[in-house]
Structures are given as structure tokens and as C-alpha cells.
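Comments concern the structure below.
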Amino acid sequence: MDLMGMMGKLKETQQKMEETKNRLNSVLVDEQSNDGLLQVTLTANREIKNFKISDELLQDKEMLEDYLVTVLNKAIAKATNVNEAEMAAVAQSGMPSIPGMDMFK
């Protein structure tokens with residue numbers, strides 16, 4: 001593949017990554033506490049969209065804070081996994097085949 005072809009492929013991959021990033025804004029990830037008292041929804045780009053907090057949790061500030069930390073961390077980890085898998089798939093499909101670089105696939 002000549003240099004122009006490689007540059008075109010890289011530009012195409014960049015565009016696909018941008019499109020994937022935009023699409024991940026509409027991919028929703030839900031997470032909740034084990035007892036269901038706190039629920040959070042965020043996008044695969046890790047933007048919080050929604051919270052549901054039970055009245056029971058509103059009575060106990062410390063417990064609510066603990067729940068928020070735990071549930072948000074789990075939700076962010078889940079969203080990050082989705083995000084990274086999608087972006088890696090786009091990046092890998094856009095890699096020009098360079099002799100000797102097969103080991104990176």
C-alpha cells in the first residue's frame with residue numbers, strides 16, 4: 001500500500017472512530033445496587049443520564065454516599081468496557097496491513 005493509500009485509510013479510520021463515539025452517546029448502560037435502592041443510567045461515553053434513588057436511601061446520607069460511589073464506579077467500569085471494545089474494533093479494522101506488523105493484531 002502506498003503512502004497516499006495509507007493516509008486515506010487513516011483518515012477513514014479517524015472518521016469511523018468519530019462516528020462510533022457519536023453512536024456510543026446513544027448506547028445506555030444501566031447499573032444498580034444489589035438491593036435496587038439506587039439505579040444509574042449512563043452512556044457508553046460515560047455521561048450520566050439518569051438516577052433513581054429510593055426514599056429509603058434519602059433518609060441516610062452516609063448510606064446514600066456509599067451507594068453512589070459503589071454504583072457509579074461499577075457503571076463507569078461497565079461503560080468503559082463497552083466503549084473500549086467498540087473503539088478497538090474500529091481501530092483494528094482500520095489498521096493498514098504493513099509487512100511485519102501482524103504481531104500487533
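Brief remarks on what is shown
- In the range 19-35, the residues that are within 30 Å of Asp66 (Cβ to Cβ) and without any contact (Cβ under 8 Å) to a residue 60 or more places away in the chain form Cβ pairs under 6 Å with partners that are surrounded by 15 or more Cβ atoms within 10 Å (Cβ to Cβ) and among the aromatic types (Phe, Trp, Tyr), at six or more places apart or across chains, as follows: Ser33/Tyr67.
- When the criteria are applied in full, Leu42 meets the requirement of being open to solvent by less than 60 Å² (accessible area, probe 1.4 Å), without any contact (Cβ under 8 Å) to a residue 40 or more places away in the chain and farther than 14 Å from Ala91 by Cα.
- Counted residues, the range 56-77 - those being outside any helix (DSSP H, G or I) and among the acidic types (Asp, Glu): 1
- Among the numbered conditions (1) open to solvent by 80 Å² or more (accessible area, probe 1.4 Å); (2) at pLDDT 95 or above; (3) part of a helix (DSSP H, G or I); (4) not small (Gly, Ala, Ser), the only one that Thr80 does not meet is (1).
- Test: Thr13 is polar (S, T, N, Q) and under 18 Å from the mean Cα position of the chain (by Cα): no
- Verdict on Gln15 being touching a strand residue (DSSP E or B) at 6+ places or on another chain (Cβ under 8 Å), open to solvent by 60 Å² or more (accessible area, probe 1.4 Å) and not small (Gly, Ala, Ser): no
- The range 45-55, subset charged (D, E, K, R) and not in a strand (DSSP E or B), residue surrounded by the most Cβ atoms within 10 Å (Cβ to Cβ): Arg46
- Test: residue in the range 92-102 that is assigned to a helix (DSSP H, G or I), surrounded by 11 or more Cβ atoms within 10 Å (Cβ to Cβ) and at pLDDT below 95: yes
- Residue tally, condition under 18 Å from Asn45 (Cα atoms), outside any helix (DSSP H, G or I) and not aliphatic (A, V, I, L, M), over the range 1-31: 4
The values are calculated or read from the model by the stated rules, or taken from the named source; none is laboratory data. On a predicted model such as this, the values are computed, not experimentally measured, just so you know. Ideal geometry is used to build each Cβ from the backbone, glycine not excepted, and the neighbour counts take in all protein chains shown. Accessible surface areas use protein heavy atoms only, side chains included; no ligands, DNA or RNA. Shrake-Rupley method; radii C 1.70, N 1.55, O 1.52, S 1.80 Å.
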